[in-house]
1. Does the range 164-178 include one or more residues that are open to solvent by 10 Å² or more (accessible area, probe 1.4 Å), assigned to a helix (DSSP H, G or I) and within 16 Å of ligand 1 (Cβ to nearest atom)?
2. Quick one: in the range 61-97, of everything that is of a type in the set (G, A, S) and within 15 Å of G130 (Cβ to Cβ), which residue is farthest from ligand 2 (Cβ to nearest atom)?
3. Looking at the range 98-143, which of its residues are part of a loop (DSSP other than H, G, I, E, B), within 16 Å of ligand 2 (Cβ to nearest atom) and over 25 Å from G79 (Cβ atoms)?
4. Just to be sure, is Q183 polar (S, T, N, Q), in a loop (DSSP other than H, G, I, E, B), away from ligand 1 (no atom under 16 Å from the Cβ) and exposed (fewer than 15 other Cβ atoms within 10 Å of the Cβ)?
5. Considering every residue within the range 149-156, establish whether at least one is farther than 24 Å from K7 by Cβ and more than 16 Å from ligand 2 (Cβ to nearest atom).
6. Which residue out of D158, D144 is acidic (D, E) and surrounded by fewer than 18 Cβ atoms within 10 Å (Cβ to Cβ)?
7. Does the range 66-90 hold any residues that are more than 22 Å from H106 (Cα to Cα) and surrounded by 17 or more Cβ atoms within 10 Å (Cβ to Cβ), and which are they?
Amino acid sequence: MEIIIAKDIMKANDQIAEANLSRLDQAGTYGVNLLGSPGCGKTTLLETMSGYLRGRLNFAVIEGDLATSRDGERVEALGVPTIQINTGGGCHLDATMVATALESLHLETIDLLLIENVGNLVCPAGFRLGERLRVALLSIPEGDDKVAKYPTMFSAVDAIVINKIDLLPYLDFDLDRVRSDLQIVAPQVEMMILSGRTGEGVADFANWLAVKRSEVFGVPHSQ
Ligand code: MG
Ligand code: ZN
């Protein structure tokens, strides 16, 4: 009987993720893995952000969902090259799925590749995709205890974005509690605050991504 251990599956995934990263590096494409719960506002942030990125960076989106192309359609409607991955029940994206999606994108013209992972605060953290940056969203309605309760996710990212800040006056959410939990769980993680719905703070986040990309690849393809 053959026994496959989770550790070996992760190792195989890491190797494919490395290949994806090389492919993206060759093309000058900066990959960002966007993580967070269902409903935390990942797709809305992509929609709002597209307005700030347009004209500065060429960007494309990979949408990961269990089912439907609803999110992909929302982003594609804005004129953004979009690939929808349906995992058919799978609770995270893996490097093989992303490798397949990369074949359908003209990477040599793309500066920034935004990958919206399946909504889930647990296992997506364990699967590298070939990204250079990982950003976790946490929205105000989810509660201020999530960093402490899901440390695997929030310590595996480069930045945490507090989304739906427009709802702060209506809900009991203590930003300082998140800050202090983050100090314990992952002090190196940057924290940003915004609202994908109202646009507050989104320009700063888009700028931050553009700077992160330029630190690695310099001027964008279009300029
Ligand atoms: Mg979505
Ligand atoms: Zn999973």
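The values are calculated or read from the model by the stated rules, or taken from the named source; none is laboratory data. As the structure is a prediction and not an experimental result, all values here were calculated from the model. Ideal geometry is used to build each Cβ from the backbone, glycine not excepted, and the neighbour counts take in all protein chains shown. These accessible areas exclude ligands, DNA and RNA; they are computed on the full protein's heavy atoms, side chains included. Shrake-Rupley method; radii C 1.70, N 1.55, O 1.52, S 1.80 Å.
1. Initial filter on the range 164-178 (open to solvent by 10 Å² or more (accessible area, probe 1.4 Å)): 164-177.
Adding the requirement that they be assigned to a helix (DSSP H, G or I) leaves 165-170, 175-177.
Okay, now just the ones that are also within 16 Å of ligand 1 (Cβ to nearest atom), so none.
Scanning the range 164-178, I find no residue that is open to solvent by 10 Å² or more (accessible area, probe 1.4 Å), assigned to a helix (DSSP H, G or I) and within 16 Å of ligand 1 (Cβ to nearest atom), so the answer is no.
2. Top of the filtered list is A95.
3. Within the range 98-143, the subset part of a loop (DSSP other than H, G, I, E, B) is 103-106, 110-111, 117-119, 121-122, 127-132, 143.
Add one more test, that the residue is within 16 Å of ligand 2 (Cβ to nearest atom), and what stays is 117-119, 121-122, 127-129.
Once the filter is applied, which keeps residues that are part of a loop (DSSP other than H, G, I, E, B), within 16 Å of ligand 2 (Cβ to nearest atom) and over 25 Å from G79 (Cβ atoms), the range 98-143 yields L121, V122, F127, R128.
4. Values: polar (S, T, N, Q): yes; in a loop (DSSP other than H, G, I, E, B): no; away from ligand 1 (no atom under 16 Å from the Cβ): yes; exposed (fewer than 15 other Cβ atoms within 10 Å of the Cβ): yes.
Here the answer is no, as Q183 does not meet what is asked.
5. Taking the range 149-156 and keeping what is farther than 24 Å from K7 by Cβ, we get 149.
If we keep only those that are more than 16 Å from ligand 2 (Cβ to nearest atom) as well, we get 149.
The answer is yes; a qualifying residue exists.
6. Details: D144 fails: surrounded by fewer than 18 Cβ atoms within 10 Å (Cβ to Cβ).
Step by step, each of D158, D144 is checked, and only D158 is acidic (D, E) and surrounded by fewer than 18 Cβ atoms within 10 Å (Cβ to Cβ).
7. Filtering the range 66-90 down to residues more than 22 Å from H106 (Cα to Cα) leaves 66-68, 70, 87-90.
Scanning the range 66-90 gives no hits.
A quick yes/no check of all residues on (1) open to solvent by 40 Å² or more (accessible area, probe 1.4 Å); (2) not in a helix (DSSP H, G or I):
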residue	(1), (2)
D14	yes, no
S22	yes, no
N33	no, yes
T48	no, no
A60	no, yes
E63	no, yes
